[in-house]
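First the structure, in the form of structure tokens, and then the observations on it.
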Amino acid sequence: MLSPLEAAKQTAAHKAINKHVENNFVLGIGSGSTIVYAVERLAERVAKENLEVVCIPTSFQAKQLIVKHGLKLGSLDTHPILDVCIDGADEVDANLNIIKGGGACLLEEKIIASCANGLVIIADYTKNSTKLGDQYKKGIPIEVVPMSYVPVRNKIRNTFGGEVNLRMAVAKAGPVITDNGNFILDWVNFKQLDDWKEVNTAIRMIPGVVETGLFLQMAKIVYFGQADGTIKEQTAKDGH
């Protein structure tokens, strides 16, 4: 039996797959713990309804999930336009600003989301915030070219304040290495800023920065699974 938190993830994942997947769709498959339930449900629908779908992974983990469940694997080389991308989130604020990248897959996640006609986010109730940083305390991930991490770290710290830490690996010595061979900086203890779009643009302009984990007004809808088994829906217009 699933814990209330895992059940909330499953509820949100199933809702998204049931509502946003149709026959002959090309799907972006996100990364993280909630996506596991989405891929399981997708495999059930494909088998039961004989759906034809192509799945584009956002990470090595997503690719393994797709292959494990016998789903059709594709790439942006052959399918550069996606019908929908379904992905998780680390935090979503009232304006649909999202932090992603806790699993270090932010670059491919953002590329694939940008190629989709719609980004659907699935999450549990702990990811629902009024402002970024209210719930998620691990910071905003920033993917950087390895040789640049010290100057990038210093520039962000000096310009915007807070702390910027090189993410270290758990089961290996040294830093986390992304699927693209880069490092991850985590920007923590940042003060609340009025214009995240401006901040995001400024950070991305620093030489050595590959991408940020700020997904700003990219999602068309977010499904939050609640502890009581219900689902809270938040759409782009809710926060504007």
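The values are calculated or read from the model by the stated rules, or taken from the named source; none is laboratory data. Please read all numbers here as calculations on a predicted model, not as lab measurements. Note that we place each Cβ from the backbone using ideal geometry, even for glycine, and neighbour counts take in every protein chain shown. Calculation scope for accessible area: heavy atoms of the full protein, side chains included, ligands and nucleic acids excluded. Shrake-Rupley method; radii C 1.70, N 1.55, O 1.52, S 1.80 Å.
Data table
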quantity	calculated
Among Asn154, Asn97, Asn128: highest mean-square fluctuation, GNM of the chain, C-alpha pairs under 10 Å	Asn154
With Cα atoms, 0 to 90° folded angle of helix 4-20 axis to the chain main axis	70
Local electrostatic count, Asn182, Cβ distance below 13 Å [Lys/Arg +1, Asp/Glu -1]	-3
Gyration tensor (alpha-carbon) shape descriptor, the range 100-154, a/c threshold 1.5	oblate
Candidates Cys115, Cys85, Cys105: whichever shows maximal mean-square fluctuation once the chain is modelled as a Gaussian network with Cα springs under 10 Å	Cys115
Accessible area, probe 1.4 Å, largest first, for residues Val54, Val145, Val170	Val170, Val145, Val54
Cα-based helix-to-principal-axis angle, 149-160 vs the chain, degrees rounded to 10	80
Selected from Ala47, Ala13, Ala104 as most flexible by GNM, with the chain as the system and alpha-carbon contacts under 10 Å	Ala47
Local net charge near Leu119, Cβ-Cβ under 13 Å (Lys/Arg +1, Asp/Glu -1)	0
Candidate residues Phe25, Phe215: accessible-area rank, largest first, probe 1.4 Å	Phe25, Phe215
Around Tyr149: net Lys/Arg minus Asp/Glu count, Cβ-Cβ under 15 Å	0
Cα-centred dipole magnitude for the range 140-210, charges only on beta-carbon of K, R (+1) and D, E (-1), debye, nearest 20	180
Convex hull volume per residue in cubic angstrom - Cα atoms of the range 140-210	86
Thr201-Leu76 FRET efficiency (beta carbon distance; Förster radius 22 Å; 0.05 resolution)	0.35
Proximal lysines to Lys131, defined as alpha-carbon separation beneath 26 angstrom and excluding residues fewer than eight positions away on the same chain	Lys9, Lys15, Lys100, Lys110, Lys155, Lys191, Lys197, Lys220, Lys232, Lys237
Unit charges on C-beta of K, R, D, E only; dipole of the chain, Debye	340
Peptide ranges 223-234, 186-197 listed from the most packed, as the mean C-beta count within 10 angstrom indicates	223-234, 186-197
Listed residues Glu49, Glu198 arranged by accessible area, highest first, probe 1.4 Å	Glu198, Glu49
